[in-house]
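Working notes for the structure below.
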Amino acid sequence: MNLLRLNHSFLLLLAAMGGVATGCETSVNVPAPAHTPRVSLLYLLRNQPADTITDPSGGWLYVGASQEIFSRQGDKGRADATVTIADQTGQTVEEFKAFTPAIGPYAGHQGYYRPVRKLRGQPGQTYTLRATVPGLETVESTLTMPFPTVVEGASLTPLPISPGYSHLSRARLTVTIQDNAATTDYYMATARLLDAQGNHGPWKPVVPDFTRRENPIEVGRLQLSQSFTSTSNVSPYADTNVNGQRFTFSSDVLYDKDYCGGIPGSCPLAYMEVIISTLTPDTYRFLLSRHRYQDGEGNPFAEPTPLHSNIQSGFGLFGGAHEVTYRIPLP
C-alpha cells in the first residue's frame with residue numbers, strides 16, 4: 001500500500017529514446033528531484049466497525065514514509081508512529097496500536113495499526129487526526145463526518161445463470177435512494193453476504209456482472225463497488241445530476257450462496273446486505289483519483305493522475321464514511 005509510488009516509466013522511456021536517436025554510445029542522465037521524506041498515511045473513519053474479516057485492511061490505519069521518485073525499494077511502513085484522533089473540543093477520542101498481520105495478503109508487513117477505542121464517527125462532528133513519526137514532520141488532517149443517506153428500498157431479482165458461471169447465482173440488485181437537497185453528497189455502494197443469523201464472514205464477495213451487455217460500465221451513475229480497498233473495482237459517485245431527487249441504481253451481480261469458507265453451520269447463506277456509504281469530499285476525490293491512476297496501467301502517455309491528498313505536510317487520506325445498510329433475503 002504505497003501511497004506515493006510515482007510512475008517514472010515516462011522519464012526512463014525518454015532517456016531510452018534519446019540513446020536510440022543519438023547512437024548507442026550516448027548516455028542520458030536524468031537527475032532525481034530533491035526529496036524530503038514525509039509521512040504517508042491512510043485511514044477511513046466509519047460510523048460502525050469495519051468488516052475486518054473479509055477485508056481486513058479496511059479497518060486498519062496505515063503509516064509509511066514517502067520515497068524518492070526513482071526508488072525501487074518497496075514501502076515497508078513505519079511501526080514507530082504515534083497517532084491520535086481528537087474531537088472538536090480537543091479531547092482525544094481514538095488511539096492506535098501498531099501490529100504486524102500474521103495471516104492474509106499483508107502478513108509480515110509493518111506499518112499497520114489497530115484502533116484501540118473503536119471510535120464510531122458521528123454525523124456532523126469534526127475530528128482531527130495527528131500523526132508523529134520519528135525523524136519526519138508531524139502531520140494533521142481534519143474532517144467533518146457526513147450525514148447518512150435515506151435508503152427507501154432494495155430488491156434482488158433472480159436472473160438466468162451466465163454461461164461459464166454455473167456455480168454462481170446471478171440477480172439484478174436494485175436500490176432506491178432519496179438524495180438530500182441541502183447538501184452535496186458523495187456515495188459508494190457495496191454489498192456482502194450474511195448467514196441465517198445475520199453474521200458476515202470470509203464468504204466470496206458480491207461482484208458486478210459485467211459479462212452481459214445489458215449491464216455495462218457507465219460513467220456518471222452510481223454503480224456497485226467491491227470495497228474501499230479494491231484498486232480496480234471502486235466507483236465513487238457525486239450527486240450532481242440527482243441532487244434532491246429520489247433515484248434508483250441497478251446492477252447485475254454474481255454471488256456464491258453455497259460457499260461458506262469451511263465454517264460449520266453457516267451454509268446456505270441467507271441474506272445480501274447492501275451498504276450505501278456517504279463519503280466526505282476528500283474521500284470521494286481520493287478514491288476517484290486512485291481509480292483513474294489504476295486505469296492508466298503504467299501507460300506513460302496517459303493523462304497524469306496524481307493521487308488526491310488531505311494530509312497537511314504529508315501525503316495520503318484521512319477519510320470518513322457514514323454507512324447505511326439494507327438487508328435483502330436471497331431468492
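The values are calculated or read from the model by the stated rules, or taken from the named source; none is laboratory data. As the structure is a computational prediction, the values presented were derived from the model and not from experiment. Don't worry about glycine lacking a Cβ; one is built from the backbone with ideal geometry, like all the others, and counts go over all protein chains shown.
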Of all residues in segment 24-46, which are part of a loop (DSSP other than H, G, I, E, B), surrounded by 11 or more Cβ atoms within 10 Å (Cβ to Cβ) and modelled with pLDDT of 75 or more? 35, 37, 38
Scan the strands (runs of 3 or more DSSP E) fully inside segment 100-204 and keep the ones with 3 or more residues being touching a strand residue (DSSP E or B) at 6+ places or on another chain (Cβ under 7 Å) and more than 26 Å from residue 64 (Cβ to Cβ). 150-158, 169-178, 186-194
Residue that is surrounded by the fewest Cβ atoms within 10 Å (Cβ to Cβ) [pool: residues in segment 55-73 that are of a type in the set (A, V, I, L, M) and modelled with pLDDT of 75 or more]: 65
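So how many residues does segment 97-108 have that are farther than 18 Å from residue 131 by Cβ and either in contact with a Pro (Cβ under 9 Å, 6 or more places away or on another chain) or of a type in the set (A, V, I, L, M) (or both)?
8
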When segment 182-206 is checked residue by residue, the ones that are crowded, with 21+ Cβ neighbours inside 10 Å and touching a Cys at 6+ places or on another chain (Cβ under 8 Å) are 203
If we keep only residues of segment 74-93 that are crowded, with 18+ Cβ neighbours inside 10 Å and within 21 Å of the chain's Cα centre (by Cα), then the residue modelled with the lowest pLDDT is 75
Single match in 154, 102 (criterion: without any contact (Cβ under 8 Å) to a residue 40 or more places away in the chain and either more than 21 Å from residue 317 (Cβ to Cβ) or exposed (fewer than 12 other Cβ atoms within 10 Å of the Cβ) (or both)): 102
Considering only residues of segment 77-99 that are free of Cβ contacts under 8 Å to residues at least 24 places away in the same chain and part of a strand (DSSP E or B), which is farthest from residue 41 (Cα to Cα)? 92
